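**Q** Handing you this structure, nothing more for now.
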Amino acid sequence: MAMKLLKKINSKAKSDSNTGFGVNATSYGGRFVTKGGNANVKKSGIGFFEGISWYHTMVNIPRWKFMVIIVVFYFLVNFVFAGIYCGIGVEHLNGVNAETMMDKFGQAFFFSVQTFTTVGYGHVSPTGFLTSLVAAIEALFGLLSFAIATGLFYGRFSKPKAHIKFSENALIAPYKDGTALMVRLTPFKNTNLTEAEAKMTLGMKLDVKGKPTNKFYFLDLEMSKINSLNLSWTLVHPITEESPFYNFTKEDFETTDGEILVYLKAFDDMFSTTVVKRSSYSFDEVIFGGKFVPMYSSNNKQSKTVLHIDKLNTYEKIEL
(Lines give C-alpha, C1' and ligand atoms only; values in the text may rest on other atoms or scores of the structure.)
Protein backbone atom coordinates (compact mmCIF):
# COMPACT_ATOMS: atom_id res chain seq x y z
CA MET A 1 0.00 0.00 0.00
CA ALA A 2 2.81 2.41 0.93
CA MET A 3 4.61 1.70 -2.35
CA LYS A 4 1.44 2.33 -4.36
CA LEU A 5 0.93 5.58 -2.49
CA LEU A 6 4.51 6.67 -3.21
CA LYS A 7 3.87 6.12 -6.93
CA LYS A 8 0.73 8.25 -6.66
CA ILE A 9 2.66 11.27 -5.45
CA ASN A 10 3.44 13.44 -8.43
CA SER A 11 7.12 14.03 -9.15
CA LYS A 12 6.30 17.75 -9.28
CA ALA A 13 5.56 17.76 -5.53
CA LYS A 14 8.29 19.70 -3.73
CA SER A 15 10.17 17.87 -0.99
CA ASP A 16 10.79 19.63 2.30
CA SER A 17 14.13 18.65 3.82
CA ASN A 18 14.25 21.37 6.47
CA THR A 19 11.61 20.07 8.86
CA GLY A 20 14.02 19.09 11.62
CA PHE A 21 12.65 15.53 11.63
CA GLY A 22 14.67 12.48 10.58
CA VAL A 23 13.86 10.23 7.63
CA ASN A 24 14.10 6.86 9.41
CA ALA A 25 10.46 6.06 10.17
CA THR A 26 11.32 3.08 12.39
CA SER A 27 12.84 5.50 14.93
CA TYR A 28 9.59 7.43 15.35
CA GLY A 29 6.52 6.67 17.41
CA GLY A 30 3.19 8.44 16.97
CA ARG A 31 2.79 11.84 15.42
CA PHE A 32 5.56 14.35 14.84
CA VAL A 33 3.85 17.29 16.58
CA THR A 34 1.14 17.18 19.22
CA LYS A 35 -2.21 18.84 18.68
CA GLY A 36 -1.08 21.66 20.98
CA GLY A 37 1.97 22.32 18.81
CA ASN A 38 4.74 20.74 20.89
CA ALA A 39 7.25 18.22 19.58
CA ASN A 40 6.04 14.71 20.38
CA VAL A 41 9.36 13.78 22.00
CA LYS A 42 10.18 12.16 25.34
CA LYS A 43 13.79 12.57 26.45
CA SER A 44 15.73 9.83 28.21
CA GLY A 45 19.31 9.13 29.20
CA ILE A 46 19.44 12.08 31.57
CA GLY A 47 18.39 12.59 35.17
CA PHE A 48 14.83 13.76 35.79
CA PHE A 49 15.78 16.99 37.53
CA GLU A 50 18.66 17.67 35.13
CA GLY A 51 16.34 17.35 32.14
CA ILE A 52 13.76 19.85 33.39
CA SER A 53 13.88 23.62 33.21
CA TRP A 54 11.78 24.55 36.23
CA TYR A 55 11.30 28.10 35.00
CA HIS A 56 9.96 26.97 31.62
CA THR A 57 7.78 24.38 33.33
CA MET A 58 6.24 26.83 35.80
CA VAL A 59 5.70 29.48 33.13
CA ASN A 60 4.07 27.10 30.65
CA ILE A 61 1.87 24.87 32.83
CA PRO A 62 -1.88 25.61 32.94
CA ARG A 63 -2.98 28.40 35.27
CA TRP A 64 -4.86 26.11 37.66
CA LYS A 65 -1.84 23.83 38.09
CA PHE A 66 0.39 26.83 38.79
CA MET A 67 -1.97 28.12 41.49
CA VAL A 68 -2.31 24.67 43.06
CA ILE A 69 1.48 24.30 43.26
CA ILE A 70 1.85 27.75 44.87
CA VAL A 71 -0.88 27.08 47.47
CA VAL A 72 0.33 23.54 48.27
CA PHE A 73 3.92 24.77 48.63
CA TYR A 74 2.79 27.59 50.94
CA PHE A 75 0.88 25.31 53.32
CA LEU A 76 3.45 22.50 53.15
CA VAL A 77 6.33 24.79 54.15
CA ASN A 78 4.38 26.18 57.07
CA PHE A 79 3.38 22.67 58.21
CA VAL A 80 7.04 21.66 58.21
CA PHE A 81 8.17 24.68 60.20
CA ALA A 82 5.25 24.31 62.61
CA GLY A 83 6.39 20.74 63.20
CA ILE A 84 9.92 21.96 63.89
CA TYR A 85 8.67 24.53 66.42
CA CYS A 86 6.59 21.84 68.13
CA GLY A 87 9.61 19.54 68.13
CA ILE A 88 11.72 22.17 69.86
CA GLY A 89 8.88 22.90 72.25
CA VAL A 90 6.15 25.53 72.08
CA GLU A 91 7.24 26.77 75.51
CA HIS A 92 10.00 28.54 73.55
CA LEU A 93 7.34 30.55 71.72
CA ASN A 94 6.41 33.43 73.96
CA GLY A 95 2.66 34.09 73.84
CA VAL A 96 1.47 30.57 73.08
CA ASN A 97 -1.30 29.65 75.47
CA ALA A 98 -2.53 26.18 74.60
CA GLU A 99 -3.11 22.96 76.48
CA THR A 100 -3.90 20.35 73.82
CA MET A 101 -1.37 19.27 71.20
CA MET A 102 -3.73 20.34 68.43
CA ASP A 103 -3.94 23.88 69.80
CA LYS A 104 -0.17 24.01 70.25
CA PHE A 105 0.41 22.93 66.65
CA GLY A 106 -2.23 25.40 65.42
CA GLN A 107 -0.58 28.36 67.15
CA ALA A 108 2.86 27.21 65.99
CA PHE A 109 1.49 26.98 62.43
CA PHE A 110 0.13 30.52 62.44
CA PHE A 111 3.36 31.80 63.99
CA SER A 112 5.14 30.10 61.09
CA VAL A 113 2.80 31.82 58.62
CA GLN A 114 3.54 35.21 60.17
CA THR A 115 7.28 34.54 60.08
CA PHE A 116 7.27 33.10 56.55
CA THR A 117 5.36 36.10 55.18
CA THR A 118 7.34 38.53 57.42
CA VAL A 119 4.02 39.92 58.74
CA GLY A 120 5.02 39.49 62.39
CA TYR A 121 1.97 40.59 64.39
CA GLY A 122 3.96 40.29 67.61
CA HIS A 123 1.44 38.18 69.51
CA VAL A 124 3.87 35.26 69.50
CA SER A 125 7.66 35.64 69.53
CA PRO A 126 10.55 33.17 69.74
CA THR A 127 12.62 32.82 72.89
CA GLY A 128 15.85 30.93 73.09
CA PHE A 129 18.66 30.53 70.57
CA LEU A 130 17.38 27.47 68.68
CA THR A 131 13.84 28.78 68.14
CA SER A 132 15.15 32.20 67.09
CA LEU A 133 17.55 30.54 64.63
CA VAL A 134 14.75 28.54 63.02
CA ALA A 135 12.58 31.68 62.79
CA ALA A 136 15.47 33.58 61.15
CA ILE A 137 15.99 30.80 58.61
CA GLU A 138 12.27 30.67 57.87
CA ALA A 139 12.09 34.43 57.37
CA LEU A 140 14.96 34.28 54.86
CA PHE A 141 13.36 31.28 53.12
CA GLY A 142 10.07 33.17 52.95
CA LEU A 143 11.68 36.23 51.35
CA LEU A 144 13.40 34.08 48.72
CA SER A 145 10.23 32.07 48.06
CA PHE A 146 8.08 35.15 47.52
CA ALA A 147 10.74 36.67 45.27
CA ILE A 148 10.70 33.52 43.10
CA ALA A 149 6.89 33.37 43.10
CA THR A 150 6.68 37.05 42.13
CA GLY A 151 9.12 36.46 39.26
CA LEU A 152 7.10 33.49 38.04
CA PHE A 153 3.86 35.47 38.22
CA TYR A 154 5.45 38.26 36.21
CA GLY A 155 6.94 35.80 33.73
CA ARG A 156 3.56 34.18 33.13
CA PHE A 157 1.80 37.53 32.91
CA SER A 158 4.31 39.21 30.60
CA LYS A 159 5.18 36.29 28.31
CA PRO A 160 4.12 37.04 24.71
CA LYS A 161 1.72 34.36 23.46
CA ALA A 162 0.01 33.73 20.17
CA HIS A 163 -3.59 33.56 21.36
CA ILE A 164 -4.73 31.62 18.32
CA LYS A 165 -7.01 28.62 18.00
CA PHE A 166 -6.88 26.11 15.16
CA SER A 167 -9.86 24.16 13.90
CA GLU A 168 -10.05 20.61 15.23
CA ASN A 169 -10.19 19.16 11.73
CA ALA A 170 -8.69 19.86 8.35
CA LEU A 171 -11.08 19.61 5.41
CA ILE A 172 -10.83 18.45 1.82
CA ALA A 173 -13.28 20.94 0.36
CA PRO A 174 -14.46 22.14 -3.07
CA TYR A 175 -12.21 24.87 -4.43
CA LYS A 176 -12.69 26.59 -7.77
CA ASP A 177 -12.83 23.75 -10.33
CA GLY A 178 -11.23 21.20 -8.04
CA THR A 179 -10.57 20.61 -4.36
CA ALA A 180 -8.28 21.96 -1.68
CA LEU A 181 -7.04 21.15 1.78
CA MET A 182 -8.32 23.74 4.25
CA VAL A 183 -7.43 24.57 7.84
CA ARG A 184 -9.03 27.43 9.76
CA LEU A 185 -7.58 29.52 12.57
CA THR A 186 -8.53 32.62 14.49
CA PRO A 187 -7.27 34.90 17.29
CA PHE A 188 -9.47 34.58 20.38
CA LYS A 189 -8.27 37.36 22.67
CA ASN A 190 -8.12 41.14 22.34
CA THR A 191 -4.69 41.09 20.70
CA ASN A 192 -3.62 42.89 17.55
CA LEU A 193 -1.59 40.62 15.26
CA THR A 194 -0.07 41.84 12.01
CA GLU A 195 2.21 40.45 9.29
CA ALA A 196 0.94 36.91 9.83
CA GLU A 197 2.71 34.18 7.88
CA ALA A 198 1.77 30.51 7.61
CA LYS A 199 3.47 27.36 6.35
CA MET A 200 2.12 23.84 5.88
CA THR A 201 4.14 20.65 5.50
CA LEU A 202 2.98 17.13 4.77
CA GLY A 203 4.75 14.28 6.55
CA MET A 204 4.15 10.63 5.65
CA LYS A 205 5.67 7.29 6.58
CA LEU A 206 6.26 5.49 3.30
CA ASP A 207 8.07 2.36 2.15
CA VAL A 208 11.06 3.35 0.02
CA LYS A 209 13.02 0.40 -1.39
CA GLY A 210 11.74 -1.82 1.41
CA LYS A 211 12.69 0.61 4.16
CA PRO A 212 10.14 2.64 6.19
CA THR A 213 10.98 6.29 5.49
CA ASN A 214 9.64 9.64 6.57
CA LYS A 215 8.89 11.81 3.53
CA PHE A 216 8.07 15.49 3.79
CA TYR A 217 6.51 17.77 1.19
CA PHE A 218 5.73 21.47 0.94
CA LEU A 219 2.03 22.29 0.79
CA ASP A 220 1.81 25.50 -1.21
CA LEU A 221 -0.81 27.88 0.12
CA GLU A 222 -3.12 30.06 -1.92
CA MET A 223 -2.19 32.86 0.48
CA SER A 224 0.70 32.38 2.91
CA LYS A 225 0.87 35.96 4.26
CA ILE A 226 -1.70 38.50 5.37
CA ASN A 227 -1.22 42.02 6.67
CA SER A 228 -3.57 41.77 9.64
CA LEU A 229 -5.01 38.81 11.55
CA ASN A 230 -8.19 40.14 13.13
CA LEU A 231 -10.81 37.68 11.89
CA SER A 232 -10.61 34.02 10.94
CA TRP A 233 -8.09 32.87 8.36
CA THR A 234 -8.61 29.76 6.27
CA LEU A 235 -5.35 28.30 5.01
CA VAL A 236 -6.01 26.86 1.55
CA HIS A 237 -3.75 24.38 -0.20
CA PRO A 238 -5.10 23.89 -3.73
CA ILE A 239 -4.84 20.25 -4.78
CA THR A 240 -3.32 20.71 -8.23
CA GLU A 241 -0.99 18.50 -10.25
CA GLU A 242 1.92 19.88 -8.20
CA SER A 243 0.33 18.89 -4.90
CA PRO A 244 1.35 15.63 -3.18
CA PHE A 245 -2.40 15.11 -2.58
CA TYR A 246 -3.22 15.23 -6.30
CA ASN A 247 -4.18 11.57 -6.69
CA PHE A 248 -5.32 10.98 -3.13
CA THR A 249 -8.68 9.37 -2.48
CA LYS A 250 -10.76 9.15 0.67
CA GLU A 251 -9.43 5.61 1.19
CA ASP A 252 -5.84 6.88 1.03
CA PHE A 253 -6.49 9.23 3.94
CA GLU A 254 -8.08 6.41 5.91
CA THR A 255 -5.28 3.89 5.36
CA THR A 256 -2.14 6.05 5.29
CA ASP A 257 -0.04 7.13 8.26
CA GLY A 258 0.40 10.83 7.56
CA GLU A 259 0.37 14.18 9.29
CA ILE A 260 -0.11 17.79 8.22
CA LEU A 261 2.12 20.22 10.12
CA VAL A 262 0.99 23.84 10.40
CA TYR A 263 3.29 26.68 11.44
CA LEU A 264 2.14 30.24 12.04
CA LYS A 265 4.02 33.33 13.10
CA ALA A 266 2.74 36.88 13.52
CA PHE A 267 3.87 40.21 14.92
CA ASP A 268 2.27 41.27 18.21
CA ASP A 269 2.48 45.06 18.33
CA MET A 270 1.70 45.15 22.08
CA PHE A 271 4.99 43.36 22.87
CA SER A 272 6.73 44.44 19.64
CA THR A 273 7.80 40.86 19.03
CA THR A 274 7.00 37.86 16.86
CA VAL A 275 4.79 35.15 18.34
CA VAL A 276 4.59 31.59 17.05
CA LYS A 277 1.87 28.94 17.06
CA ARG A 278 1.97 25.37 15.76
CA SER A 279 -0.48 22.53 15.31
CA SER A 280 -0.84 19.32 13.35
CA TYR A 281 -3.50 17.11 11.82
CA SER A 282 -3.12 13.37 11.47
CA PHE A 283 -4.90 11.87 8.47
CA ASP A 284 -7.71 10.57 10.68
CA GLU A 285 -8.42 14.23 11.57
CA VAL A 286 -8.90 15.15 7.90
CA ILE A 287 -12.54 15.29 6.80
CA PHE A 288 -12.89 14.28 3.15
CA GLY A 289 -15.79 16.31 1.81
CA GLY A 290 -16.57 19.28 4.05
CA LYS A 291 -16.94 23.03 4.00
CA PHE A 292 -16.36 25.47 6.84
CA VAL A 293 -19.37 27.49 7.94
CA PRO A 294 -18.72 31.28 7.98
CA MET A 295 -17.80 32.41 11.50
CA TYR A 296 -18.21 36.17 11.36
CA SER A 297 -21.05 38.50 10.50
CA SER A 298 -22.20 42.08 11.09
CA ASN A 299 -24.10 43.03 14.23
CA ASN A 300 -27.72 44.13 14.25
CA LYS A 301 -26.82 47.79 13.87
CA GLN A 302 -24.41 47.07 11.02
CA SER A 303 -21.75 48.94 12.99
CA LYS A 304 -19.38 46.11 13.96
CA THR A 305 -18.20 42.73 12.74
CA VAL A 306 -18.93 39.90 15.18
CA LEU A 307 -16.43 37.03 15.26
CA HIS A 308 -18.14 33.84 16.42
CA ILE A 309 -15.30 31.87 18.05
CA ASP A 310 -17.65 28.98 18.85
CA LYS A 311 -18.06 28.35 15.10
CA LEU A 312 -14.36 27.78 14.48
CA ASN A 313 -14.83 24.01 14.14
CA THR A 314 -18.24 24.08 12.49
CA TYR A 315 -18.44 22.61 9.00
CA GLU A 316 -21.04 21.02 6.76
CA LYS A 317 -20.57 17.79 4.84
CA ILE A 318 -20.34 18.01 1.06
CA GLU A 319 -20.11 15.26 -1.51
CA LEU A 320 -17.01 15.56 -3.71
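The values are calculated or read from the model by the stated rules, or taken from the named source; none is laboratory data. All values reported here derive from a predicted model rather than from experimental measurement. Every residue, glycine among them, receives a Cβ derived from its backbone with ideal geometry; neighbour counts consider all protein chains shown. Note: areas computed on protein heavy atoms with side chains; ligands, DNA, RNA excluded. Shrake-Rupley method; radii C 1.70, N 1.55, O 1.52, S 1.80 Å.
**Q** Could you do me a favour and compute the accessible area per residue for the stretch 208-250, 1.4 Å probe, result in Å²?
**A** 52
**Q** Given points 7 Å out from each Cα along the Cα-Cβ axis, report the Lys14 to Val41 separation in nanometres with one decimal.
**A** Each label point lies 7 Å from its Cα, and together they span 2.5 nm.
**Q** For the chain, what ratio Rg/Rh do Cα atoms give with a Kirkwood hydrodynamic radius?
**A** With Rh from the inverse mean 1/r over Cα pairs, Rg/Rh is 1.18.
**Q** Give the calculated FRET efficiency between Tyr296 and Lys211 to the nearest 0.05, with a Förster radius of 45 Å applied to their Cβ-Cβ distance. Provide the component values of the computation, followed by the final result.
**A** Details: r = 48 Å, r/R0 = 1.06.
Result of the calculation: an efficiency of 0.40.
**Q** Further question: How far apart, in nanometres, would the label points at Arg63 and Thr127 be if each is projected 7 angstrom from Cα along the Cα-to-Cβ direction?
**A** Here the answer is 4.8 nm between the modelled labels.
**Q** From the backbone phi of the stretch 159-173, what are the Karplus-calculated ³J(HN,Hα) couplings (6.51 cos²θ - 1.76 cosθ + 1.60, θ = phi - 60°) in whole Hz, Gly and Pro given as x?
**A** 5, x, 10, 8, 7, 10, 10, 9, 5, 5, 10, 9, 10, 9, 10
**Q** Let me ask you something else. Beyond 21 Å, what share of the Cα-Cα pairs of the stretch 195-290 remains, rounded to the nearest whole percent?
**A** For the stretch 195-290, the fraction of Cα-Cα distances above 21 Å is 41 percent.
**Q** Given R₀ = 25 Å, what would the calculated FRET efficiency be for Phe188 paired with Tyr55, taking r from the Cβ atoms and rounding to 0.05?
**A** Computed FRET efficiency for Phe188 and Tyr55 comes out at 0.40.
**Q** For the stretch 46-135, what class follows from the C-alpha gyration tensor (a ≥ b ≥ c being the square roots of its eigenvalues): rounded when a/c is under 1.5, otherwise prolate if a/b is larger than b/c, else oblate?
**A** Because a/c hits 1.5 or more and a/b exceeds b/c, the stretch 46-135 counts as prolate.
**Q** Place a +1 charge on the Cβ of each Lys and Arg in the stretch 78-215 and a -1 charge on the Cβ of each Asp and Glu, then give the dipole magnitude about the Cα centre in debye, rounded to the nearest 20.
**A** My answer is approximately 1180 debye.
**Q** Taking 2.2 N^0.38 Å as the expected size of a compact globular protein, what ratio does the Cα radius of gyration of the stretch 94-227 give against it, to two decimals?
**A** Scaled against compact globular proteins, the figure is 2.17.
**Q** Right, something else. Roughly how many Å is it from the Cα centre of the stretch 19-50 to that of the stretch 57-109, as a whole number?
**A** 40
**Q** Given just the C-alpha atoms of the stretch 259-320, how large is their convex hull per residue in cubic angstrom? Walk me through the numbers before you get to the answer.
**A** Details: hull volume 8.3 nm³, N = 62.
So the per-residue hull volume is 133 Å³.
**Q** Over the chain, what is the relative contact order in percent, taking alpha-carbon pairs closer than 8 angstrom and at least six residues apart?
**A** 21 percent.
**Q** At 7 Å along the Cα-to-beta-carbon direction for both Leu320 and Glu99, put a label point, then send me their distance in nm to one decimal.
**A** Going from the Leu320 label point to the Glu99 one covers 8.2 nm.
**Q** How large is the helix-only mean residue ellipticity at 222 nm for the chain, computed as the sum of -39500 (n - 2.57) over DSSP H runs with n ≥ 4, divided by its residue count, in deg cm²/dmol to the nearest 500? Please report the intermediate quantities before stating the final value.
**A** Values: 6 runs with 92 residues, N = 320.
Calculated from helices alone, the mean residue ellipticity at 222 nm is -9500 deg cm²/dmol.
**Q** Using a 1.4 Å probe, what is the accessible area per residue for the stretch 111-185, in Å²?
**A** Computed with neighbouring chains in place, this is 53 Å² per residue.
**Q** Then there's this: Using a probe of 1.4 angstrom, how much of the accessible area of the chain is carbon and sulfur, in percent?
**A** Answer for the chain is 58 percent, counting heavy atoms of protein chains only.
**Q** Mind checking the alpha-carbon convex hull of the stretch 133-188 and giving the volume per residue in Å³?
**A** Hull volume normalised by residue count: 101 Å³.
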